[in-house]
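Engineer: I'd like to ask you about the structure that follows.
The values are calculated or read from the model by the stated rules, or taken from the named source; none is laboratory data. Keep in mind that this is a model prediction, so the values were computed, not measured. Every residue, glycine among them, receives a Cβ derived from its backbone with ideal geometry; neighbour counts consider all protein chains shown.
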Amino acid sequence: MNAIDLKGRHAVVTGGATGIGLAIATRLVSSGASVTLWDRDEALLNSSAAQLRAAGEVSAELVDVAVHESVERATAATIERSGSIDILVANAGIAGPNHPTWEYPVEEWERVIQVNLLSVFYCCRAVLPDMLRQNYGRIVNVASIAAKEGNPNASAYSASKAGVIALTKSLGKEVAGSNIAVNCITPAAARTRIFDQMSEEHIAYMLSKIPRGRFLELNEASAMVAWLVSEENSFTTGAVFDLSGGRATY
């Protein structure tokens, strides 16, 4: 594992109690950062934080990132405890059910947009004043290859993640005059708990589209994010980094 120097930096990882979020938090801690895990699953949050504390400075904040007020409270509490938020990895998300668009339940479509897109806006909006004040910040938003291609029977997920890309690009331009980088990643599927929300048919469809012939490994995602949130990433902003195993064509 290549060394990334994040000593002295404090990171927030949303959806950090499991899956890609936990893998990213683990890599950031191993690189010297202190980390606050944000998650809404209290039992899993406390368990994961306790596990990570063996490797470094880790705290936990119970937060529902789909609720603006909850994000504001968590931001204030994190800054009060840790002094600053230097790094945000907006990873929390859901897959939602699989339906043709004309049969997609309206309330489920709205829920996916709320969790996957509005939460990223809430988190970025909350942490940026502190980053602007200190003239330093690194934000990585987790989108999906589905944002570029649009997976059938997953219109809500695909649309929400496409919105994350556009939000990232807009925000990157807005803060380009500061020492703040805002980028996103578009991973192919990884075997995490999000698979529990998908049909076997949809999982097989996603695998069939990956030229590598396998799903993304969690450590591959965390390795890319570790560099993106480092001080070495001093120029690139508003960009999209693919983790698609060759699936992406643009």
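Engineer: With over 13 Å from the mean Cα position of the chain (by Cα), assigned to a strand (DSSP E or B) and in contact (Cβ under 8 Å) with a residue 24 or more places away in the chain as the only criterion, which of Ser59, Ser48 stands out?
Structural biologist: The conditions single out Ser59.
Engineer: Taking the condition modelled with pLDDT under 95, of a type in the set (S, T, N, Q) and crowded, with 17+ Cβ neighbours inside 10 Å, does Thr237 pass?
Structural biologist: no
Engineer: Only one of Ala95, Ala90 is closer than 19 Å to Ile145 by Cβ and over 13 Å from the mean Cα position of the chain (by Cα). Can you tell me which?
Structural biologist: Testing whether each residue is closer than 19 Å to Ile145 by Cβ and over 13 Å from the mean Cα position of the chain (by Cα) leaves just Ala95.
Engineer: Given the options Tyr250, Tyr205, name the one that is part of a loop (DSSP other than H, G, I, E, B) and aromatic (Phe, Trp, Tyr).
Structural biologist: From the options Tyr250, Tyr205, the qualifying one is Tyr250.
Engineer: (1) more than 21 Å from Leu228 (Cα to Cα); (2) buried (at least 18 other Cβ atoms within 10 Å of the Cβ); (3) touching a helix residue (DSSP H, G or I) at 6+ places or on another chain (Cβ under 8 Å): which one isn't true of Leu45, the others all being true?
Structural biologist: Exception for Leu45: condition (3).
Engineer: Name every residue in the range 128-164 that is of a type outside the set (D, E, K, R), within 28 Å of Lys209 (Cβ to Cβ), touching a residue at least 24 places away in the same chain (Cβ under 8 Å) and surrounded by fewer than 20 Cβ atoms within 10 Å (Cβ to Cβ), in order of residue number.
Structural biologist: Once the filter is applied, which keeps residues that are of a type outside the set (D, E, K, R), within 28 Å of Lys209 (Cβ to Cβ), touching a residue at least 24 places away in the same chain (Cβ under 8 Å) and surrounded by fewer than 20 Cβ atoms within 10 Å (Cβ to Cβ), the range 128-164 yields Pro152, Asn153, Ala159, Gly163.
Engineer: Then there is this: Read through the list (1) part of a helix (DSSP H, G or I); (2) in contact with a helix residue (DSSP H, G or I) (Cβ under 6 Å, 6 or more places away or on another chain), then give the number of the only condition that Asn98 fails.
Structural biologist: Against the list (1) part of a helix (DSSP H, G or I); (2) in contact with a helix residue (DSSP H, G or I) (Cβ under 6 Å, 6 or more places away or on another chain), Asn98 comes up short only on (1).
Engineer: Taking the criterion of being under 23 Å from Leu117 (Cα atoms), assigned to a helix (DSSP H, G or I) and at pLDDT 95 or above, would at least one residue in the range 24-37 satisfy it?
Structural biologist: Yes, that holds for at least one residue.
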